[in-house]
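Structure record follows, encoded as structure tokens.
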Amino acid sequence: MIDKLIDKIIELQNPTCVGLDTDFNYLPDEMREGVTTFAEAAAKITEFNKHIIDKVCDIVPSVKVQIAYYEMYGPDGLKAFYDTVSYAREKGLIVIADCKRNDIGSTAGCYSKAYLGFTDLNGKKLTSYPADMLTVNGYLGSDGIKPFVEDIKNNDKAIFVLVKTSNPSSGEFQNLKLESGEYIYEHMGKLVSEWGKDTVGKYGYSDVGAVVGATHPAEAENLRKLLPSTFFLIPGYGAQGGNAEMLKVCFDKRGLGGVVNNSRGIICAYGNAAYKGLNYADAARAACVDMQKDLSGVIGVMGR
């Protein structure tokens, strides 16, 4: 599945991932007016997402749908999550379900079935949430990751394991040193590389990727050197303070190696003075075009 994502990145010369982290309060005033129930809010969020997907699906390779923004609206919100994931895939986008799932082996297996595999009902295999990729938390150890690895091998999917996250306090744990002298994030990165060694594709990257924040360029550069076969999901661009120069270190000499998420900078672009006069969907497209120019200007030709 990482090969498919890289194919699209090269085709579009764009490593942008649009983050559909859609809070109801991000919607334009006219869409929020009169809404008082979760069902109404979820319907408006779905409408908002679909219009953005329609506007960007020909210029970006992927979207990331963060489930927390949907769970808070209850079962109606989860339906909006499902509808958004399904619609994005129908439009040809590669969909990352940002759920950061993990638990002990058997429970992790259930999470994996929900997003990467199938649930068996009397011999009939059904899909719960039809994502292409899933973010997972590897800090419970290997037994919580193995079910996900098995499903990505069997179903042509991929995962991104939290390694060096973009939040300011990530270093409280991830930058602690072990007795061996390596940092915890480095050790996690090595585990990710090991978990994915049997899934390396034609571009030299495995289907077990890593979440590496743009806001920590020194650590990102270190991880790129340590993990030449690990593809990065790179959050932190835009509203969190990351920029193209900071994340350049995540990419290899071919201009490959990562996909860069931008959420509020795209879905809330209609509130940016630079896009004044555009509706939210057109503003989102314009923001994607500007992001592509920004990233390609630093990364260069992708797939060269």
Fill in the blank from the handout: Between LEU256 and residues 5 or more places away or on another chain, the pairs with built amide H atoms under 5 Å apart involve GLY303
Completion exercise
The pairs in LYS91/LYS190; LYS157/LYS276; LYS79/LYS157; LYS91/LYS125; LYS55/LYS79 lying past 27 Å Cα-Cα in this model are LYS91/LYS190; LYS157/LYS276
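Under 1.5 on a/c is rounded, so check that first for the chain, then, if it is not, pick prolate when a/b is larger than b/c and oblate when it is not; a ≥ b ≥ c are the square roots of the alpha carbon gyration tensor eigenvalues.
Working: a/c = 1.59, a/b = 1.18, b/c = 1.35.
Cα axes put the chain in the oblate bin.
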Exercise for the section: Count the net charge of all other residues whose Cβ sits under 15 Å from the Cβ of GLY34, scoring Lys and Arg as +1 and Asp and Glu as -1. Expected result: -3
Exercise for the section: Using the Karplus curve 6.51 cos²θ - 1.76 cosθ + 1.60 with θ = phi - 60°, work out ³J(HN,Hα) for each residue of the stretch 44-49 in order, rounded to whole Hz, and write x for Gly and Pro. Expected result: 5, 4, 4, 4, 4, 4
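For the chain, with only Lys/Arg (+1) and Asp/Glu (-1) charged at the beta-carbon, what is the dipole magnitude about the Cα centre, in debye rounded to 20? Could you put the intermediate results ahead of the total?
Numbers: 33 positive and 38 negative charges, 130 e Å.
Result for the chain is approximately 620 debye, rounded to the nearest 20.
Calculated FRET efficiency, GLU40 and THR127, Cβ-Cβ r, R0 35 Å, to nearest 0.05? Present the calculation step by step, with values, prior to reporting the outcome.
On the way: r = 27 Å, r/R0 = 0.78.
E between GLU40 and THR127, to the nearest 0.05, is 0.80.
How big is the charge dipole of the stretch 115-203 about its Cα centre, in debye rounded to the nearest 20, if each Lys and Arg gets +1 on its Cβ and each Asp and Glu gets -1 on its Cβ? List each step's numbers first, then the result.
On the way: 10 positive and 12 negative charges, 53 e Å.
Using Cβ point charges on Lys, Arg, Asp and Glu, the stretch 115-203 gives about 260 debye.
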Fill in the blank from the handout: As a percent rounded to 5, the proportion of antiparallel DSSP bridges among beta bridges in the stretch 122-243 is 10 percent
Handout entry: Cα centroid separation - the stretch 74-105 against the stretch 227-271, whole Å
Key = 21 Å
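Output the peptides 223-233, 112-122, 13-23 sorted from most to least packed, where packing is the average of other Cβ atoms within 10 Å over each peptide's residues. Kindly include the intermediate steps, with their values, before the conclusion.
Numbers: 223-233: 21.0, 112-122: 17.4, 13-23: 24.8.
Per-residue Cβ counts within 10 Å, averaged per peptide and sorted highest first, yield 13-23, 223-233, 112-122.
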Practice task
Could you run the Karplus curve 6.51 cos²θ - 1.76 cosθ + 1.60 with θ = phi - 60° over the stretch 144-150 and give me ³J(HN,Hα) per residue in whole Hz, x for Gly and Pro?
Solution key: x, 9, 3, x, 5, 5, 4
Completion exercise
the stretch 9-51 and the stretch 107-138 have their Cα centres apart by a whole-number Å value of 24 Å
Practice task
Note the full-extension length gain between ASN175 and SER106 as 0.36 nm times their separation in residues minus their Cα-Cα distance, in nm to one decimal.
Solution key: 21.9 nm
Problem - Rounded to 5, the percent of DSSP beta bridges in the stretch 1-151 classed as antiparallel - result: 20 percent
Practice task
Could you run the Karplus curve 6.51 cos²θ - 1.76 cosθ + 1.60 with θ = phi - 60° over the stretch 275-289 and give me ³J(HN,Hα) per residue in whole Hz, x for Gly and Pro?
Solution key: 10, 4, x, 8, 6, 4, 6, 5, 5, 4, 5, 4, 5, 5, 4
Completion exercise
For GLY209, other-chain or 5+-apart residues with amide H closer than 5 Å (H placed, Pro excluded) are ILE159, PHE160, VAL161
Handout entry: Average accessible surface area per residue within the chain, 1.4 Å rolling probe, Å²
Key = 43 Å²
Practice task
Mind checking which of ILE45, TYR129, SER142 is farthest towards the positive end of the chain's charge dipole, using Cβ charges of +1 (Lys, Arg) and -1 (Asp, Glu) about the Cα centre?
Solution key: SER142
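Quick check: residue separation of ASN272 and VAL298 times 0.36 nm, minus the Cα distance between them. What number comes out in nm? Let's see the in-between values first.
Values: separation 26, 0.36 × 26 = 9.36 nm, distance 2.32 nm.
Fully extending the segment from ASN272 to VAL298 adds 7.0 nm.
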Exercise for the section: Would you please put 211-217, 281-287 in order of how densely packed they are, using the mean number of other Cβ atoms within 10 angstrom per residue and starting with the highest? Expected result: 211-217, 281-287
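Nearest 5 percent is fine: what portion of the DSSP beta bridges confined to the chain is antiparallel? All intermediate terms of the calculation are to be shown ahead of the outcome.
Details: 4 of 33 bridges.
For the chain, the DSSP antiparallel bridge percentage is about 10.
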Practice task
For the chain, calculate the relative contact order in percent as a whole number, restricting contacts to Cα pairs under 8 Å that are 6 or more residues apart.
Solution key: 19 percent
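On the protein heavy atoms, probe 1.4 angstrom, tell me the percent of accessible surface of the stretch 228-304 carried by carbon and sulfur.
Values: 1670 of 3220 Å².
After summing per-atom areas, the C and S share lands at 52 percent.
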Handout entry: Accessible-area composition of the stretch 40-79, carbon plus sulfur, in percent [1.4 Å probe]
Key = 56 percent
Practice task
Pick out, from ILE10, ILE152, GLY258, the residue whose Cα sits farthest towards the positive end of the charge dipole of the chain, with +1 on the Cβ of Lys and Arg and -1 on the Cβ of Asp and Glu.
Solution key: ILE10
Handout entry: Long-range HN-HN contacts of THR165 with modeled amide H, under 5 Å
Key = GLY213
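The values are calculated or read from the model by the stated rules, or taken from the named source; none is laboratory data. Since the structure is predicted, the reported quantities are computational estimates derived from the model, not experimental observations. We place every Cβ from the backbone using ideal geometry, glycine too, and count neighbours over all the protein chains shown. Surface accessibility is based on the protein's heavy atoms, side chains included, excluding ligands, DNA and RNA. Shrake-Rupley method; radii C 1.70, N 1.55, O 1.52, S 1.80 Å.
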